[in-house]
Structure formats: C-alpha cells, structure tokens
Amino acid sequence: MSSKKTILCIGAGYVGGPTMAMIAKKCPDYKVIVADINPQRIAEWNSDDLPIYEPGLDEVVKGARGKNLFFTTDVNSAIKEAYIIFVSVNTPTKMFGHGRGKASNLQYWEKTARNILTYADDDKIVVEKSTLPVRAADAMAKILNSNTRGLKFDVLSNPEFLAEGTAVADLENPDRVLIGGMETPSGKAAVQSLVDIYANWIPRERILTTNVWSAELSKLVANALLAQRISSINSISAFCEKTSANITEVSRAVRADSRIGSKFLNASVGFGGSCFKKDILNLVYLCEYHNLPEVAEYWEQVVKMNEYQEKRFVMRVLENMFNTVADKKIAIFGFAFKADTGDTRESPAIYISQLLHEEKAKLAIYDPKAMKEAKKDLADLDQSLIEYCKCPYEAAKDAHAVLILTEWKEFKDYDYAKILASMTKPAFIFDGRNILDHEALYKIGFNVFPIGKVALTHLK
Ligand code: UDX
Ligand code: UDX
C-alpha cells in the first residue's frame, strides 16, 4: 500500500535532485524518495560530493537527507511506496528515425511509465517534470490506464522553470509554479494534492493551474521566448560590430522600456544549456507536425542565429589573428554553458573549441567548475593539442589570445597585467561575454575584441 505522504521522483538529474531536496526541506511531514537507474549518480547524491554543483544545494540536501529525503536505485520498491510520482528522466532530442534532430526522444519516459504500471499496486498521481511535447501526458495516461487491474492514474504536468546556477533560489522563491491537470473530478483532486505540497512555501496566487496541454506548451514557449531574446540581441551585436554602435548601450536603451524589460538581453557568444535548443527544436517539430511551416521556420531561426553567433565569434578570432591560429596557443577561460554551474551541455565552448581545433590551434582550457566535463566533451579531439589547466595563469602563459566563454565573476578579478606579461605578443582578448573592463585592458597593452563593440586595438 502506498502512503499519501510519500513522494517519489524518478530521475535524479539537474531537475529531479534539487527540486525534491527543496520539497523535502519545505514539507517535513512528507517522505521524499529520489530514484535513478544510475548507481553512480545515486552514490554521489548520498555522498559529501554531490553530482551537480549548485550554490546553496549542499545545505538543502544535507539538512534533509536521511530524515525525510532518500536517494535510491531501487525504483521499483519506491513506486509501490509512493502515492505521488514525479517523472524527471531525460528527454533528449531524437537522433534517429522520424523527427530525427528535432523531436523529443521519449523512450526513457515511456519505459518509466511502463515501469510504474508494472510495480504499482494501487492508484497514483503521476507528475511530468521532464519537458515533453504537447499531449505527451495524454499518451502517458493512456499507457497507465490501459491496465486491467482496475488501477487509476491521474497524470499532471508540472514543468520546472529553475535555471542552473540559481536553482536553489528559483525553487525557494519561484515567479510561478505551473500545474496542468485534466478537467475531470479526479484530475482536479490530483491538481489539488500537488497545490497542497507547493502551498507549504509558495503564496497561493503564484501557483497557476491550467489544463495539461497549456502547461506542457507553456514550458516550451517560455524557453523559446527567452532564447529568442538572446538571439535577437546577438543578431544586433553583429550589426554593431560593423558600425560604431555599441551593443551594451543599445541593450541598456531598449531594456529601459518597461514593456521590453531588463532580462535576457546580454549579447554573448551564444546560449547553451540542456533546454533552450532542445525545447525550440521540439516546438519546431510540433509546428511542422501540425502543418504550420511558417511558425516552425520562425522559431527555427532562433537556433540558427545562435549557431551563427558561435561561428561568427571564431571567424572574428581567426580574421584578427592574421588569418591563422595553427600552432598558436589559445587560452579558453570558461567552459560551462553559464556561470555558477559545472554543466557544459550544449555549451558554446564545445563548438568553439571544435572549430579552433579544426584550425589546428593549441587549446589551453580553464574553468572553475567544469574541467571534468570539458575533458569528456573534447575526448574525440587530438589530445596532444589540448591542455586542461589548473589555473588561468597556467592557461594564459605563452598564449596568443585569451577567449572568455563563460561569465564567471572571478574572471573580472584576475591580474591581467601578470597575464599579459606571460603571453606571446601581440596579445589578444576576445571577450565573448562582455564582462571585462575593456578600456583598462587596452591601456595595459591588450588588443581587445568585445562582442558587439568596436575593437580596441594597437595594431594599425
Ligand atoms: C530533465 C529532462 O531531461 C528535461 O527534459 C526536463 O526539462 C528537466 O528534467 P535533467 O534533470 O537536466 O533534465 O536531466 P538529467 O540530468 O539527464 O537527469 C535525468 C536522470 O534520469 C539521469 O540521472 C538518468 O540516469 C535518469 N533516468 C533516465 C532514469 O532514472 N531512468 C531512465 O529510464 C532514464
Ligand atoms: C533555462 C531557463 O531559464 C529555465 O527557466 C528552464 O527551466 C531551463 O532553461 P538554464 O538553461 O539553466 O535555464 O539557464 P539560463 O539562465 O536560461 O541561460 C541559458 C543560456 O543563455 C546560457 O548559456 C546563458 O549564458 C545564456 N544567456 C542568458 C545569454 O547569452 N544572455 C542573456 O542575457 C541570458
């Protein structure tokens, strides 16, 4: 028999782990189990060295672990025990067959549904936490309710909006929690059960309830709109580099308009992360599927603009370093897809490193948290051309250029005079995040190439 006060999450990833830890912290009267098929991941969640780096997460996990928060590989027993089951397994872009390169690969998610069906011996609420195509909950409900044992499953969609690097703060104080459910009496009761959990710490007016399809679609749309803002400002950064306009000034001027708002308008080397590209391509696929080619093409352009921005950055490096980087050491500061995370999924640094490697550059990489991941991401490249460095000064020594690819705060505090003194001259900095003091770097002797601004160069 399951307990109404036991929650299970299948999938102990970047989303499942932190989300469940927060629920455990805020709802001490619930037992929260996080289960994953990967034994190493579970062992890490049970250790002092958690599998993901996220500011503030250690305290939350350590405060609840062993009390009302448990990590296990025994998915099947946990299915029996829990009344509410969150599914947060990965749903990557499908790389085979129909919809290849765009649609979501739902095989893990469907396997999980069938597993729930096999091991459940009473009614349950199943909550989609993974981002899934619109109407996926319907398919899950059909699989689950196809049982001949009289078991009833209510399927809810509860997409997660946390961003990496700020996951704990986002979970503690979200702009909104979204819960989609069926408009049947048992669907409404299931929604209420989930509302009751979140209401332990989130004001009721921030808990939005919708139908299932709206909740699923909202997640895709939120990510598509955020990414679209970055691609829009990045497209203008290309324009600024051709003229004497300055992207920081343009961005400041437009963000002062309260209708536009201030966030997600920082020009960059491109967006990364496990969600933006995957979710937009999923949206594109769904639009094509529903015969809306114009809509599909509109959103696909957001991804294409991002790829253009990454490529453009490498072209700028190449053109300004006298059209060759072969055999030149290039220091890469930052490999994570954003600051305050060790995650490198879809990081622009991967693609940029690959392009520079094709040009036969010698890469010296330093990131405060993502070195292990960087090594995995670049494992297929000729390792004799890559150095993984313990500190930025080691990476910059004898380098011709420093490339800033992640917006880590500590990059601003380095001793750039010392870095310059150790580099080959002329020395270049390509600031792919516009976080450094460009004037100051120029004054001490660097040739500085920001994003979307005129370069400051001593070369005539
Ligand atoms: C996940 C989804 O990938 C994404 O679609 C959604 O937007 C948020 O949740 P994330 O937590 O970042 O993202 O994924 P990941 O870190 O890859 O974790 C998924 C976990 O599920 C892995 O630890 C994997 O071992 C586990 N898993 C996968 C299972 O336990 N069972 C399976 O059958 C498949
Ligand atoms: C995103 C969404 O923000 C979150 O709501 C969703 O749940 C998951 O996807 P995440 O990918 O973790 O979160 O990080 P986010 O802060 O959105 O950054 C994504 C990428 O955009 C990063 O590479 C970041 O550096 C880049 N970015 C962000 C910019 O280039 N410019 C900006 O102005 C903002």
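The values are calculated or read from the model by the stated rules, or taken from the named source; none is laboratory data. Predicted, not measured: the structure shown is a model, and the values here were computed from it. Don't worry about glycine lacking a Cβ; one is built from the backbone with ideal geometry, like all the others, and counts go over all protein chains shown. Side chains are part of the model used for accessible areas, which takes the heavy atoms of the whole protein and leaves out ligands, DNA and RNA. Shrake-Rupley method; radii C 1.70, N 1.55, O 1.52, S 1.80 Å.
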Which is in contact with a Pro (Cβ under 7 Å, 6 or more places away or on another chain), open to solvent by 20 Å² or more (accessible area, probe 1.4 Å) and either under 15 Å from N223 (Cα atoms) or assigned to a loop (DSSP other than H, G, I, E, B) (or both), of K263, K278? K278
Given (1) open to solvent by 50 Å² or more (accessible area, probe 1.4 Å); (2) modelled with pLDDT under 95; (3) within 27 Å of the chain's Cα centre (by Cα), number of the condition E216 does not satisfy: (1)
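Results for (1) touching a strand residue (DSSP E or B) at 6+ places or on another chain (Cβ under 6 Å); (2) away from ligand 1 (no atom under 16 Å from the Cβ); (3) on the phi > 0 side of the Ramachandran plot, shown as yes or no for each residue.
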{"position": "I7", "(1), (2), (3)": "yes, no, no"}
{"position": "I52", "(1), (2), (3)": "no, no, no"}
{"position": "D58", "(1), (2), (3)": "no, yes, no"}
{"position": "D74", "(1), (2), (3)": "no, no, no"}
Within segment 351-422, which strands (runs of 3 or more DSSP E) (wholly inside it) include 1 or more residues that are aromatic (F, W, Y) and farther than 18 Å from I435 by Cα? 386-388
Quick one: in segment 85-105, of everything that is hydroxyl-bearing (S, T, Y) and in a loop (DSSP other than H, G, I, E, B), which residue is farthest from T73 (Cα to Cα)? T91
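Quick grid of which residues meet (1) open to solvent by 50 Å² or more (accessible area, probe 1.4 Å); (2) closer than 25 Å to F271 by Cβ; (3) at pLDDT 95 or above:
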position	(1), (2), (3)
L381	no, yes, yes
Y393	yes, no, yes
K397	yes, no, yes
H400	no, no, yes
M423	no, no, yes
I429	no, yes, yes
R252 is checked against (1) open to solvent by 10 Å² or more (accessible area, probe 1.4 Å); (2) touching a residue at least 40 places away in the same chain (Cβ under 8 Å) and fails just one. What number does that condition carry? (2)
Test result for A222, touching a strand residue (DSSP E or B) at 6+ places or on another chain (Cβ under 8 Å), within 16 Å of ligand 1 (Cβ to nearest atom) and either open to solvent by less than 50 Å² (accessible area, probe 1.4 Å) or touching a residue at least 60 places away in the same chain (Cβ under 8 Å) (or both): no
Residue in segment 1-42 that is surrounded by the fewest Cβ atoms within 10 Å (Cβ to Cβ), counting only those that are among the charged types (D, E, K, R) and not in a helix (DSSP H, G or I): D29
Can you list the helices (runs of 4 or more DSSP H) lying wholly within segment 131-215 that have 2 or more residues being within 16 Å of ligand 2 (Cβ to nearest atom)? 167-172
For A396, are the conditions met, namely being in contact with a Cys (Cβ under 8 Å, 6 or more places away or on another chain) and among the hydrophobic types (A, V, I, L, M, F, W, C)? no
Output the residue which, of all residues in segment 327-338 that are touching a residue at least 60 places away in the same chain (Cβ under 8 Å) and more than 16 Å from ligand 1 (Cβ to nearest atom), is farthest from E164 (Cα to Cα). K328
Which residues, taken from segment 315-350, are part of a loop (DSSP other than H, G, I, E, B), charged (D, E, K, R) and either open to solvent by 50 Å² or more (accessible area, probe 1.4 Å) or within 16 Å of ligand 2 (Cβ to nearest atom) (or both)? D327, K338, D340, D343, R345, E346
Within the bounds of segment 339-353, is there any residue that is of a type in the set (D, E) and away from ligand 1 (no atom under 16 Å from the Cβ)? no
Would you confirm whether or not segment 17-33 contains a residue that is of a type in the set (A, V, I, L, M, F, W, C), away from ligand 2 (no atom under 16 Å from the Cβ) and closer than 20 Å to D122 by Cβ? yes
Identify all residues within segment 282-311 that are within 14 Å of ligand 2 (Cβ to nearest atom) and open to solvent by less than 60 Å² (accessible area, probe 1.4 Å); write none if there are none. N282, L283, V302, V303, M305, N306, Q309, E310
So how many residues does segment 350-373 have that are of a type in the set (A, V, I, L, M, F, W, C), out of contact with any Ser or Thr (no Cβ under 6 Å at 6 or more places or on another chain) and closer than 21 Å to S274 by Cβ? 4
Evaluate the following for V87: is it open to solvent by less than 10 Å² (accessible area, probe 1.4 Å), within 16 Å of ligand 1 (Cβ to nearest atom), touching a strand residue (DSSP E or B) at 6+ places or on another chain (Cβ under 7 Å) and touching a residue at least 60 places away in the same chain (Cβ under 8 Å)? yes
All conditions in (1) away from ligand 2 (no atom under 16 Å from the Cβ); (2) of a type outside the set (D, E, K, R); (3) not in a helix (DSSP H, G or I) are true of Y108 except (3)
Among the residues of segment 135-156, the number that are surrounded by 22 or more Cβ atoms within 10 Å (Cβ to Cβ) and modelled with pLDDT under 95 is 3
